[in-house]
Structure formats: structure tokens, C-alpha cells
Amino acid sequence: MTTLAADREIEALMALHPKGFDLSLDRITRLLERLGNPQDLLPPVIHIAGTNGKGSCAAFSRALLEAAGHLVHVHTSPHLVNWAERYRLAAEGGGKLVDDETFAEAIARVAKANDGQKITLFEILTAVTFILFSEHPAEAAIIEVGLGGRFDATNVVARPAVSVIMPVSMDHEAYLGDRVELIAAEKAGIMKRGCPVVIGAQESETALQVLIETAERLECPTFVYGQDFLAFEENGRMVYQDEDGLMDLPPPRLPGRHQFANAAAAIAAVKAAGFEISHRAAEKAMTSVAWPGRMQKLAQGRLAELAPKGADIWLDGGHNPGAGVVIAEALAEQEEKNPRPLFLISGMINTKDQSGYFRAFKGLVRHVYTVPVSLSDAGVPNDELAIRATDAGLTAEPVSSVANALMLLRDTWDGPAPRILIGGSLYLAGAVLAENGTPPT
């Protein structure tokens, strides 16, 4: 967990450098040269892009490799509560979040090398990733793309062990394009000539075609979900299949049927990267995988205690229409097994398609409580968000906070113990975990 030293370094950088994205590799390349090109000194890299499912794929990949006894670094973004969540350093018995002293020292070193030149905070923090991962021993590094792919600051690894493209859908249109094939082309930018590529389950045939054509043009060994590997449910188990045969596994610990496909992509990626995964290691990974803020059950904590007695509370940071669909499907699946009235507490930011997200829950959610997103200056006002939810065919009312929404539901609902989803933004998910007293570890 970060404490004052790393936070102070980051706050100083935020005061110097602009927030937001400025898609180019020139600045990060210049900075890394000054640092001795640490990105060229990494263990085999699993590089993951996509609109949805990147983080889950990273979590499954980590679980698989660690279950097989490997030392693994993991870079993900954004963080939920603490900046250190972005950097998990390899350790015996499982990776640990970077300690504050190591983190602060790396940030200061990168900032000094940058020498006040124009750069974005994400580029500085990506350079920190390469410093940390090159200076601490590991057998693999899992690196999640921040935004897009082609011009993302992580896209300076010349020869990844495998490039993974998870489901592509509409998001960040202002930066990546307003058609799914344009977004797919940006994500495909992480593919490197001759390096293996794993393409996860794609809803869009157009996106899939762009990804396959790019991989073929670059002469990449390519493994496509539904063609070269897949996963399906059978008798409450997960069956993974590829050219090596079948693995009969426990269902993934992460809830939702979409996690079968995410887990399958991770198994294919780890194998394509050259690692052997035994049946026993895959079994262990499915039952041990963890990914905070994504369909995470809040069983206890300060906020959870405010909910109606016996409530089933879920937290998810998914924030676009594609994420809304898979979250709604996961909740519908739970409804089939254990029926409960479902309520949604939602906060969103203004760069997302709010009505598109809410439409996924039509006919499933009884009522929506909209709340402000305190950790982002791009948060949609809760009264305006309630209108977006109403436009999507839901009933909604603005409430001042998640705590007040939970208490309002507790005081007004007199039916059976409800199921509650808190979602719509990773900023909201982070604020909830902090307020609940259950930050990621």
C-alpha cells in the first residue's frame, strides 16, 4: 500500500505534467533511452490489450503461472485505491505489491531522467514499470495496455512472448476512433512481426477480421478463440479445449460466464508464451484467481454493514456498454440460481456511454440509485445520471453517496434480502473499496 513517499513523488509529477492522454511513443522512447532501455531487459512478456477483459486475463495469467511455480511481475492500470496496485513484483509464494520505499525511489529516478521534459504521468509510471520489472528477478512479466495499443506507452517491448487481444468494443472513441474496426486496428498495434498472438472471444466479426488480418500480415503464429481454443460449461465445470486436448477444470472463481472465455484466453496466452501448464496448476489457478473491483463480492466492511440485512452486494468497475452486457449476464445467471430483487447503485464519468451501459440492465434491475463519482473531476452529476438511466428504460433517483443509497434501501425496502450491484466506474469502485476498508492487497 502506498504511503507518503510515493504519493508525494506522484503529486509533484501531476503538478508538472498534464493529465490525460497524448498518444505518441516519442516521449516514452526518449525517456527509456536515458534510463538505459530497461524494457529490453525484461523476462518474457505477456502483453494484453482489449476493451474489456484485459484485467481478468492478466489475473488468470498470473494465477496460472504462479500455480505452476513461476515468479511473475504484473502491471495493470488503473489502480483502485493505491498507486502501488499497478505494480506487483514477483515473490516466492506469490507476487506482492511494490513497497513504498522501492516505488518512491523508482519514481524519483525516472523523473530525474526525464529532466522536466513534456511527458504524461502514465508515461512516467510506465517507465517505472520497466525499471522495477528489469531490476527484480522474475520468469515472466504480464503487462496490461493502458489505452488502445499502437501508441500506448507500454508498446515499446520489441519482442513480447505473446500479444493478447481481448474483446474489442466501443470505448475511448475520442482517442481510438468511432467504429469498432478502427478501435480493433489500434489494439492490433501491439502485435509484433513473428511473435505469437492470442485473440480472445470477439463479439464483433468486423473486429475479429481486422485482428486476424493484421496477425497474418505480420506472420504471427495466431491462436483464435472458437477456432484454435475455447472453453465451455459442462456439468458445472469448465472444459478448456485446444489442439493439445481437453482440460476438465473447476469453474473460475471470478463470477460470470464471460470469465470462461477470459480464462481460456489466459491459458492459451501462457502456453503460447512457452510455458507448460499442468492440469493441476490450471485447477489451482481457477480456484485461486482474484481480481478486485470486478464482480467482487462485498461480504463485510463499513459500507457493507449499511445495507439491508442479508443483502448480496457486488462491486464492479465496468463502465461501457460491452461491460454492462457481461455484468448483466452474470447477474441474470445468479438470478436463475438464487432469485433476489436486484438494485443498482451507479456513478459514471462523462466520457462513457451512460445510457448504453444502463440499457444492459433493462428488465433485470428494479431501481437505480445514481451517485456522484468523488474521485474524478469528470463525474456525471447524479441528477443528470438519473436521467440517463431513465432514458434507458429504468426507474432512477439521485442520491448523495453510496452509503446513503445503501441506508435508503435498508430503510425503504421491506421485501426479501436484495441483491445490490454497485457499478459504472473504476473510480467509483476504488472509492467504495477505500470507504469500505477493504483495499486491494
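For Glu85, indicate whether it is in contact (Cβ under 8 Å) with a residue 24 or more places away in the chain, among the acidic types (Asp, Glu), surrounded by 20 or more Cβ atoms within 10 Å (Cβ to Cβ) and within 28 Å of Val373 (Cα to Cα).
Yes: the conditions hold for Glu85.
Could you grab me the full set of residues in segment 106-124 that are in contact (Cβ under 8 Å) with a residue 60 or more places away in the chain, assigned to a helix (DSSP H, G or I) and either of a type in the set (A, V, I, L, M) or in contact with an Asp or Glu (Cβ under 9 Å, 6 or more places away or on another chain) (or both)?
Result: Ile107, Ala108, Val110, Ala111, Ala113, Asn114, Leu121, Phe122, Glu123, Ile124.
Can you confirm whether segment 168-185 contains a residue that is surrounded by fewer than 24 Cβ atoms within 10 Å (Cβ to Cβ), without any contact (Cβ under 8 Å) to a residue 60 or more places away in the chain and of a type in the set (S, T, N, Q)?
Within segment 168-185, none of the residues are surrounded by fewer than 24 Cβ atoms within 10 Å (Cβ to Cβ), without any contact (Cβ under 8 Å) to a residue 60 or more places away in the chain and of a type in the set (S, T, N, Q).
Within segment 153-179, can you find the residues that are in contact with a helix residue (DSSP H, G or I) (Cβ under 7 Å, 6 or more places away or on another chain), outside any loop (DSSP other than H, G, I, E, B) and modelled with pLDDT under 90?
Within segment 153-179, just Leu176 meets the criteria.
Determine which member of the set Val325, Val373 is touching a residue at least 40 places away in the same chain (Cβ under 8 Å) and β-branched (Val, Ile, Thr).
Being touching a residue at least 40 places away in the same chain (Cβ under 8 Å) and β-branched (Val, Ile, Thr) holds for just one of Val325, Val373, which is Val373.
Any idea which of (1) in contact with a helix residue (DSSP H, G or I) (Cβ under 9 Å, 6 or more places away or on another chain); (2) farther than 18 Å from Gly293 by Cβ is the one Asp383 doesn't satisfy?
If we test Asp383 against (1) in contact with a helix residue (DSSP H, G or I) (Cβ under 9 Å, 6 or more places away or on another chain); (2) farther than 18 Å from Gly293 by Cβ, just (1) comes out false.
Name the residues in segment 315-338 that are of a type in the set (Asp, Glu) and in a helix (DSSP H, G or I), would you?
Those that are of a type in the set (Asp, Glu) and in a helix (DSSP H, G or I): Glu329, Glu333, Glu335, Glu336.
Restricting the search to segment 361-375, which residues are within 23 Å of the chain's Cα centre (by Cα) and of a type in the set (Gly, Ala, Ser)?
Ser374
Take segment 290-307 and flag every residue that is among the polar types (S, T, N, Q) and surrounded by 19 or more Cβ atoms within 10 Å (Cβ to Cβ).
Within segment 290-307, Gln296 is the sole residue that qualifies.
Residues that are under 19 Å from His47 (Cα atoms): find the strands (runs of 3 or more DSSP E) completely inside segment 218-314 holding 2 or more of those.
222-224
Does Glu233 satisfy the criteria of being over 18 Å from Lys271 (Cα atoms) and without any contact (Cβ under 8 Å) to a residue 12 or more places away in the chain?
It is false that Glu233 is over 18 Å from Lys271 (Cα atoms) and without any contact (Cβ under 8 Å) to a residue 12 or more places away in the chain.
Which of the numbered conditions does Gly194 fail, given that it passes all the others? Conditions: (1) under 29 Å from Arg257 (Cα atoms); (2) small (Gly, Ala, Ser); (3) outside any strand (DSSP E or B).
(1)
Can you work out which of the residues in segment 345-380 that are hydrophobic (A, V, I, L, M, F, W, C) and out of contact with any helix residue (DSSP H, G or I) (no Cβ under 8 Å at 6 or more places or on another chain) is surrounded by the fewest Cβ atoms within 10 Å (Cβ to Cβ)?
This residue is Ala378.
Checking Gly36 against (1) part of a loop (DSSP other than H, G, I, E, B); (2) under 30 Å from Met295 (Cβ atoms): exactly one of these is not met. Which one?
(2)
Has segment 367-376 got any residue that is in a helix (DSSP H, G or I) and not assigned by TED's automatic domain parsing to the domain that holds Ala59?
Looking for residues that are in a helix (DSSP H, G or I) and not assigned by TED's automatic domain parsing to the domain that holds Ala59, one finds none in segment 367-376, hence no.
The values are calculated or read from the model by the stated rules, or taken from the named source; none is laboratory data. Owing to the predicted nature of the structure, the values given are computational and were not obtained by experimental measurement. So basically every Cβ, Gly included, is an ideal-geometry build from the backbone, and we count neighbours across all protein chains shown.
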